[in-house]
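In what follows, a single structure is set out as structure tokens and then discussed.
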Amino acid sequence: MSEHFDTVVIGGGQAGLAMGYHLSLLKRPYVILDENASTGDSWRSRWDSLRLFTPARYDALPGSRYPAPPWSYPSREEFAGYLSSYAERFALPIRNNVRVTSLSRSGHHFVIETESGRQFEADNVVVAAGWDRKPKVPAFAHHLNPDIQQFTAASYRNPGDLAPGPALVVGAGNSGADIALELATSRTTYLSGRHPGEIPWPIDGVAARPLTLAVFFAFSHVLTLNTPMGRKARPQILAHSGPLVRVKNRDLVRAGVERVPRTEGVKDGRPLLADGRTLEVANVMWCTGFRPALEWIRLPVFGPDGEPEQHRGVARAQAGLYFLGAVFQQSLASSMVHGVGTDAAFIARHVAATKASTATKTPAGVRPEGSAAPQ
């Protein structure tokens with residue numbers, strides 16, 4: 001069976017919900033396809049103690065506020081519940097338990113195939129899922145001694161999962177720091193990797209709140225594709241994790257976490273550090289980021305680096321195809337909860353303007369009156 005929609009949004013996480021909100025504002029017909037059984041399940045599947053890295057005042061989607069003290073840190077369960085309530089409040093048209101297996105094109109329409117065999121056709125498709133699906137694990141990981149238990153930030157749930165003995169956390173970004181801090185309460189814990197820097201004050205501290213507000217303003221309005229500073233910083237931000245926001249280096253030191261150099265390989269079955277040392281550990285936790293899982297897109301939209309070629313989420317080679325939720329899509333805040341709404345609004349305006357232009361059948365290069373280009 002096949003259904004046709006003006007726009008299909010693939011992914012029902014925070015990016016897909018923000019996209020739905022803005023399409024609803026513009027009265028565009030659409031549907032959201034979510035592979036999860038219920039809204040928010042992608043967060044419920046993360047490690048047990050996870051709390052968002054940003055305060056609640058920055059954890060709201062467009063048209064809403066987060067229902068908690070503004071300087072508190074929501075848990076994964078609390079945030080999952082918020083997403084579910086958000087979808088209900090705005091009556092977003094979500095189809096759950098729909099796993100997309102293929103996106104292709106037939107004539108003027110996109111064709112979306114699903115695991116159940118149901119098919120959808122669309123004039124526009126917004127890919128709002130797939131950016132953090134596949135953990136990055138170095139090729140040398142399979143050379144580790146088989147007695148060493150290996151986990152990723154996606155597979156880890158709690159310290160009880162680990163084998164008795166020391167743990168090496170590889171990757172010193174926010175996830176790695178959070179997990180290392182938790183593991184240090186029950187075992188010797190090493191944290192490997194380049195220190196990504198940190199916001200050098202407690203961001204929930206009352207006296208420092210004006211500074212925190214300035215930092216998050218910079219994430220959204222200064223470090224963007226529209227500024228020389230943002231364009232210069234973007235390659236570095238894509239190559240490395242962002243600064244530590246909540247956990248500080250001093251917190252790790254107090255907990256007894258030992259920082260060690262970058263993990264570069266394996267020697268005699270043990271992890272090999274950049275300084276030539278090997279570590280005797282029982283567990284290795286890979287917190288080395290994620291790569292997109294977009295192999296199901298059967299369209300010529302990928303560049304030499306394997307990433308979709310797009311500008312501000314608009315695919316360069318496929319009219320009507322959009323991407324939402326990528327790191328630094330438009331700003332440093334693009335992949336953060338408080339930033340995804342801005343990118344979603346831009347894409348929604350682009351969808352509406354393109355549709356209006358098509359409907360009026362104006363000659364190529366002529367924009368119909370009243371349909372200014374999205375800004």
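One table, with the values for the structure above:
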{"item": "Mean Cβ neighbour count within 10 Å, used as a protection proxy, ranking 309-318, 73-82 highest first", "result": "73-82, 309-318"}
{"item": "Zero-based 5 Å bins, Cα pair distances in the range 107-265, whole percents", "result": "1, 7, 12, 15, 15, 13, 11, 10, 8, 5, 2, 0, 0"}
{"item": "Members of LYS27/LYS136; LYS134/LYS248; LYS134/LYS355; LYS134/LYS267; LYS27/LYS134 lying beyond 32 Å, as alpha-carbon distances in this model show", "result": "LYS27/LYS136; LYS134/LYS355; LYS27/LYS134"}
{"item": "Where the chain is the region considered: accessible area per residue in Å², 1.4 Å probe", "result": "46 Å²"}
{"item": "Accessible surface of the chain [probe 1.4 Å, protein heavy atoms]: carbon and sulfur percent", "result": "53 percent"}
{"item": "Cβ-Cβ FRET estimate between MET1 and SER186, R0 fixed at 45 Å, reported to 0.05", "result": "0.30"}
{"item": "If the convex hull is drawn through the Cα atoms of the range 240-291, its volume per residue in Å³", "result": "125 Å³"}
{"item": "Calculated percent of Cα pairs over 41 Å apart (choose from (1) 16; (2) 56; (3) 10), label", "result": "(1)"}
{"item": "5 angstrom amide H check on ARG133, placed H, neighbours 5+ away", "result": "ARG291, ALA293"}
{"item": "Debye, to nearest 20: dipole size of the range 75-135, +1 on Lys, Arg Cβ, -1 on Asp, Glu Cβ", "result": "120 debye"}
{"item": "Peptide ranges 278-290, 210-222, 329-341 listed from the most packed, as the mean C-beta count within 10 angstrom indicates", "result": "329-341, 278-290, 210-222"}
{"item": "Relative contact order [Cα under 8 Å, 6+ residues apart], the chain, whole percent", "result": "21 percent"}
{"item": "R0 of 56 Å, Cβ-Cβ distance HIS311-LYS267: FRET efficiency to nearest 0.05", "result": "0.80"}
{"item": "Amide H contacts under 5 Å for LEU191, placed H, 5+ residues apart", "result": "VAL169, GLU258, ARG259, VAL260"}
{"item": "Interchain or long-range residues, amide H under 5 Å from GLU198's placed H", "result": "LEU244"}
{"item": "Table column - 3J(HN,Hα) (Hz), the range 276-290, Karplus curve with 6.51, -1.76, 1.60, x for Gly and Pro", "result": "x, 6, 10, 10, 8, 10, 9, 9, 10, 10, 8, 10, 9, x, 10"}
{"item": "Whole-Hz couplings from phi, Karplus 6.51/-1.76/1.60, listed for the range 77-89; x for Gly and Pro", "result": "5, 5, 5, 4, x, 4, 4, 5, 5, 4, 4, 5, 4"}
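The values are calculated or read from the model by the stated rules, or taken from the named source; none is laboratory data. Since we're looking at a predicted model, the values are computed, not measured. All Cβ positions, glycine included, derive from the backbone under ideal geometry; neighbour counts span all protein chains shown. Remember, those area values only see protein heavy atoms, side chains included, never the ligands or the DNA or RNA. Shrake-Rupley method; radii C 1.70, N 1.55, O 1.52, S 1.80 Å.
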